[in-house]
Each structure stands twice: as structure tokens, then as C-alpha cells.
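Worksheet: the structure to be examined is printed underneath.
The values are calculated or read from the model by the stated rules, or taken from the named source; none is laboratory data. Here the structure is a predicted model, which is why all the values come from computation and not from measurement. Cβ: placed from backbone, ideal geometry, glycine included. Neighbour counts: every protein chain shown.
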Amino acid sequence: MENTVNLIRWTSRIIGFLACGFFSLFLIGEGGLSEFLWDLVPTLIFIGLAVFGYITAWFKERTGGIMMMIGGIGQGIYLLLYGGLGDMDAALLYMLPFLIPGFLFYNNAAKSK
């Protein structure tokens, strides 16, 4: 049981790190540091929440997992509202990399109690 909990914990940490790193670099590449783009504000908020949730999940898995899931789902909903159903693939690409490790963190916290 303990080996499974550790495997899930480290899997969620690695997936979360890759997602946070990729999307943070993506936002910097979009001009997030050089110029302020109003179109990026919701993305900055949701991805910022997910990254903050990832950092929190290292110490409190349940709270961090919830924050990551909210950030990922919020980003997916925003992309669907902004682009319509034609952007379903983009919504999933932005949502799932945060939703999966967030769920793993949350589920792992429940199993480790």
C-alpha cells in the first residue's frame, strides 16, 4: 500500500512539474513579461492558480490538488467560452495537464490517511 501511495505521489509531482514548467514557459514566450496582453489575463489567473496549487500540493496534497483541478477546469471552460466548441481540443490540452495531477494529488491524500 505504501509503495502505491509513493508511486502515485511521485507520478503526480512529475506530471505536475512538466505541466507547470511547459505552460509557464509558454506564457513567457507569448510576451507575458515584456508586454501586457489583456487576452492573457484569464490564462494567467488560471495557470497561476494551478502552479500555486502544485507548489501547495508538495505540502498539503488535498488542498493543492483541488487548486490544480480548479485552475485546469477554469482554463478549459474559459477556452470553450472564448472559442466555442471548435476549441475543444485546445480546452482539453490546457485542462488535462493540470486536472490529471490534481486528481492524483487529491486521491492520494485520501488514500494516505
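Worth a mention:
- Across segment 18-45, the qualifying residues are those that are outside any helix (DSSP H, G or I) and among the aliphatic types (A, V, I, L, M), and the one among them that is modelled with the highest pLDDT is Leu37.
- Flag for Leu7 being of a type in the set (A, V, I, L, M, F, W, C), loosely packed, with under 12 Cβ neighbours inside 10 Å, at pLDDT below 90 and more than 19 Å from Lys111 (Cα to Cα): no
- Within segment 49-59, the residues that satisfy the criterion of being surrounded by fewer than 24 Cβ atoms within 10 Å (Cβ to Cβ) and either within 14 Å of Met95 (Cβ to Cβ) or touching a Ser or Thr at 6+ places or on another chain (Cβ under 9 Å) (or both) are Leu49, Val51, Thr56.
- Gly48 being part of a helix (DSSP H, G or I), closer than 28 Å to Arg9 by Cβ, out of contact with any helix residue (DSSP H, G or I) (no Cβ under 6 Å at 6 or more places or on another chain) and of a type outside the set (A, V, I, L, M, F, W, C): yes
- Phe59 being under 14 Å from the mean Cα position of the chain (by Cα) and not β-branched (Val, Ile, Thr): no
- For segment 62-81, the criterion of being assigned to a helix (DSSP H, G or I), loosely packed, with under 14 Cβ neighbours inside 10 Å and out of contact with any Phe, Trp or Tyr (no Cβ under 6 Å at 6 or more places or on another chain) is met by at least one residue.
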